[in-house]
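**Q** Mind having a look at this structure? Questions to follow.
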Amino acid sequence: MADNLSKKHLIIVGFGPVTWHKYSHFILASLKKGDIDSYSIVDLESQKTLVLRRIKNLPVPPETVFFISDSDFDAGSESGIRNFDRFCKAQTEKHRGELKIFIATEPQAHEIYVRYCIENEIDSLVTKPIILPMRNGQFYPSQLASGMAEIVRRAEMGKAQHAVLCWSRDHEVFEKNVRQPIESRMDELQTPITSFHLKTGGSVWNLLGEFERENHSYKYGYGMLMHGGYHYVDLMAIFLRMNKRVYPDQEFILDINSYSAHPHDQAGRISRDIDERLDGFKHEQLGILPGGKLR
């Protein structure tokens with residue numbers, strides 16, 4: 001029989017559709033493997049009906065479901081996090097083991113829970129982004145770098161492990177058919193990666209008459225390359241870091257340039273004749289001249 005002190009209890013903060021649909025499979029697999037012994041779910045009172053509905057479809061239900069009043073956070077983060085702290089301490093006492101916390105709330109709340117985990121020496125995994133600085137209800141990017149620097153500094157002072165979830169890294173085809181073979185070849189030849197090229201075909205091509213549709217993430221026709229571009233940046237960073245196998249003391253830098261593309265850019269990439277045969281839409285309706293130029 002396992003020692004109770006070795007038991008690990010996972011607390012999932014935020015059980016939205018992505019966590020339920022994509023991540024619950026890995027959570028249940030961890031239960032089966034014994035990486036964790038039990039799990040609980042924490043969410044807001046306003047999400048209670050949806051959360052309970054999702055739980056009904058799980059083969060292994062959570063041990064506890066705890067709801068925090070939305071008004072606790074409306075009045076400030078301190079009130080909500082105090083209730084969360086009481087719940088965590090109750091779980092620690094109940095299981096007499098180690099807590100792990102998976103943070104999958106709306107992005108604005110990530111920082112509150114990440115800081116809690118750091119301050120209380122609890123291992124955490126957070127969905128992207130780690131922090132989302134806000135001011136007057138708007139994204140405040142000028143605080144992003146300094147906020148992240150402080151989070152990293154505080155995390156390094158503690159003993160707990162903290163990580164950000166990057167879905168593309170846990171991809172069997174990428175790992176087994178791309179990254180591992182390249183890594184093996186690098187070790188064999190002792191040669192670094194000097195050139196890296198990415199192409200994507202996982203998009204849709206919107207016709208000019210479809211640009212008004214609000215079909216995130218494809219509404220501008222550039223699809224997942226632009227919407228999920230950070231995944232490609234992350235993959236490039238993984239390959240760049242692999243060069244440490246050949247040059248362990250060398251510092252590597254990933255330099256990226258980007259540009260903003262708009263519907264009129266697409267108009268210049270297909271001929272007017274082809275476009276009209278596809279859906280009969282007239283360029284003149286958007287005030288676009290042949291070649292994609294505006295009238």
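**Q** Which cross-chain or sequence-distant (5 or more) residues have an amide H under 5 Å from the amide H of K100, H modelled 1.01 Å from N in plane?
**A** Excluding prolines and chain starts, which carry no amide H, the hits are H9, L10, I11.
**Q** Suppose the chain between E188 and E106 were pulled fully straight at 0.36 nm per residue; how much longer would it get relative to their current alpha carbon spacing?
**A** Full extension from E188 to E106 adds 25.1 nm.
**Q** Are any of the pairs K33/K244; K94/K159; K22/K244; K7/K128 more than 26 Å apart by Cα-Cα distance, and if so, which? Don't jump to the answer; show the numbers that get you there.
**A** Working: K33/K244 33 Å; K94/K159 23 Å; K22/K244 32 Å; K7/K128 28 Å.
Long pairs (Cα-Cα over 26 Å): K33/K244; K22/K244; K7/K128.
**Q** Quick check: convex hull of the Cα atoms in the range 4-165, volume per residue, rounded to a whole Å³?
**A** Taking the convex hull of the Cα positions in the range 4-165, it is 112 Å³ per residue.
**Q** Scan around I36 for amide H atoms under 5 Å from its own, H built in the peptide plane at 1.01 Å from N, and keep only partners 5 or more places away or cross-chain.
**A** Those qualifying (amide H under 5 Å, at least 5 residues apart or on another chain) are L31.
**Q** How do W167, W20 rank when sorted from fewest to most other Cβ atoms within 10 Å of their own Cβ?
**A** Ascending number of Cβ neighbours within 10 Å: W167, W20.
**Q** Compute the relative contact order of the range 18-118 as a whole-number percentage, counting only Cα pairs closer than 8 Å that sit 6 or more residues apart in sequence. Kindly include the intermediate steps, with their values, before the conclusion.
**A** Numbers: 63 pairs, mean separation 20.2, N = 101.
The value is 20 percent.
**Q** Which whole-Hz couplings ³J(HN,Hα) result when phi for each residue of the range 235-245 is put into the Karplus expression 6.51 cos²θ - 1.76 cosθ + 1.60, θ = phi - 60°, listed in order with x for Gly and Pro?
**A** 5, 5, 5, 4, 5, 4, 5, 5, 5, 5, 5
None of the figures in this text is laboratory data; all of them are computed from the coordinates on show. This structure is a prediction, so every number in the text was calculated from the model and none was measured. Using ideal geometry, Cβ is built from the backbone for each residue, glycine included, and neighbour counts are taken over all protein chains shown.
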